[in-house]
Every structure is written in structure tokens, then in C-alpha cells.
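The values are calculated or read from the model by the stated rules, or taken from the named source; none is laboratory data. Because the structure is a prediction, the values reported are computed rather than measured. Cβ: placed from backbone, ideal geometry, glycine included. Neighbour counts: every protein chain shown.
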Amino acid sequence: MKRIQLSLCVIGLLVLVAAPAAAQYENSPQRILILPECIWAAATGGGTWVTELQITAYSPSTTVGVVYHCATAAPRVISNIWTSSSGYYQSVKFSNILSTLQSLDPSFTYYGTVGSLEIFSQDVSHTIQAQARTVNGNYGKTFQALAEVDGNSANVNRQMMIMNLTQNATYRTFVGCLNATSGTGGSMTVQFMIVDGNNNLVGSSFSKTFG
């Protein structure tokens, strides 16, 4: 199945985490979660963009690993970045997750890269929630890691609408996209269109191909 994962983040956006539920909803704790964007790089206007990451384990003794996907290297797999204690609902926070990965995986240079981060636990009985905050000084955006479910994704021949896009001196909308193709994988070409309140095309549509 081919699908693309999208995350909409507006400066100042507040995401509330729902309580765990028996059914698997879009924001339910999961064994595998995806952050479409993770960064540690110099900003063109000065300063450095870093991604903070908080993870909450719903079960005792949860071991959390990650896979970092970026354009400059094969996926970087680190099987253990944190193991929770014997209690329930334990949390950990990384002030710069890619710097942490650098210390655990010194053979690759994480600084200067941006990519997606796949976060996973050891099995389906150990579920997790995760939230990221990408910051540079007083500028930042907060977004929740996404479960790989249909409600969080666009699929082949299935459109997705992202509303209330803003671009002015105060607010700037950011959209991160990830090809979350399962199985043997494959590239995906996605068409983007921006329309106004009367459904008129703003500028021209454009396409992006994701490996």
C-alpha cells in the first residue's frame, strides 16, 4: 500500500493528547509513530533549528528505538534510545534528538540534516505517544508524532485537504510530507494545489516525487 503522511504545523499550535482508548484511532498510542520532520541545522536567518522530542510509554519497561530517514544516507537504525522504568506512563524528553542520535551513532554526521523519524517500541503490547517541538530561539512549531493509519494519510487516488494555510508577517504555515509506503516500497508523485475561499487556484499546481 502506498500512502503519504502529512503533518501541518502552525507557529503556536497546541496539540492535546487524548487518553488511551481500546480502539485504534488516529491519536491512539501505537507501537510505531512517525515524525515527518526532524532537524538539526543552521537557520538561514541565524541560529540553529533543533527538534525536541518527548516520548511517553504506556507500559512498564518499554524500550524505544528510532529509524532516521534523510536524503544523504541510508536509514539510520538505533534500536534503543530509552527504556522506561517499571511504572506506567513514564516520559522522557530529548532537547535535541538528532544530537542524541549523534552521540549514539558517531559514524554518521547528523548536524546539517533534516529528515523523518520513525519511533518504535519492542512489541505491540508496549505502546507509546510522542510529541516534537522544533525551535530556533523564539521561533518554533509543535506537532504530534503520527500513527501510520489511514486517517493520518493520503493514499493513491485519495485526496487530503489542509485548511487555514497562512503566510504573512506574523504566521507561516509549514507542511511536512513523508512517503510511508509499506512492503517493498516505491516512489510516489503527489500533486499539490492551493485554492482560495472560492475554490480558485492560487498560482499553479505543482508536483513532488518522494522516494
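Listed here are the residues, each with its yes/no results for (1) assigned to a strand (DSSP E or B); (2) at pLDDT 95 or above.
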{"site": "Pro60", "(1), (2)": "no, yes"}
{"site": "Val64", "(1), (2)": "yes, yes"}
{"site": "Tyr68", "(1), (2)": "yes, yes"}
{"site": "Pro75", "(1), (2)": "yes, no"}
{"site": "Ile78", "(1), (2)": "yes, yes"}
{"site": "Trp82", "(1), (2)": "yes, yes"}
{"site": "Gly87", "(1), (2)": "no, no"}
Across segment 50-71, which residue is surrounded by the fewest Cβ atoms within 10 Å (Cβ to Cβ) among those that are out of contact with any Ser or Thr (no Cβ under 6 Å at 6 or more places or on another chain) and more than 15 Å from Lys93 (Cα to Cα)?
Ala71
In segment 133-151, which residues are surrounded by fewer than 17 Cβ atoms within 10 Å (Cβ to Cβ), modelled with pLDDT of 90 or more and more than 21 Å from Gly45 (Cβ to Cβ)?
none
Looking at segment 95-104, can you tell me whether even one residue there is within 21 Å of Asn27 (Cβ to Cβ) and not small (Gly, Ala, Ser)?
yes
Leu117 being outside any strand (DSSP E or B), among the hydrophobic types (A, V, I, L, M, F, W, C) and either at pLDDT below 95 or surrounded by 14 or more Cβ atoms within 10 Å (Cβ to Cβ) (or both):
no
Tally up the residues in segment 110-153 that are free of Cβ contacts under 8 Å to residues at least 24 places away in the same chain and in contact with a Lys or Arg (Cβ under 9 Å, 6 or more places away or on another chain), please.
0
When you go through (1) assigned to a loop (DSSP other than H, G, I, E, B); (2) more than 17 Å from the chain's Cα centre (by Cα); (3) at negative phi; (4) not aliphatic (A, V, I, L, M) one by one for Gln102, which number turns out not to apply?
(1)
Answer yes if at least one residue in segment 98-110 is buried (at least 19 other Cβ atoms within 10 Å of the Cβ), over 24 Å from Asn136 (Cβ atoms) and not basic (Lys, Arg), and no otherwise.
no
Pairs under 6 Å by beta carbon, first residue within 18 Å of Gln54 (Cα to Cα) in segment 82-109, partner small (Gly, Ala, Ser) and modelled with pLDDT of 95 or more, six or more apart or different chains?
Ser84/Ala57; Gln90/Ala57; Gln90/Ser84
Is there a residue being touching a Leu at 6+ places or on another chain (Cβ under 9 Å), within 29 Å of Tyr68 (Cα to Cα), among the hydrophobic types (A, V, I, L, M, F, W, C) and in a strand (DSSP E or B) anywhere in segment 194-211?
yes
Considering only segment 169-181, I want to know if a residue exists there that is within 27 Å of Thr72 (Cβ to Cβ), buried (at least 19 other Cβ atoms within 10 Å of the Cβ), among the polar types (S, T, N, Q) and in contact with a Phe, Trp or Tyr (Cβ under 6 Å, 6 or more places away or on another chain).
yes
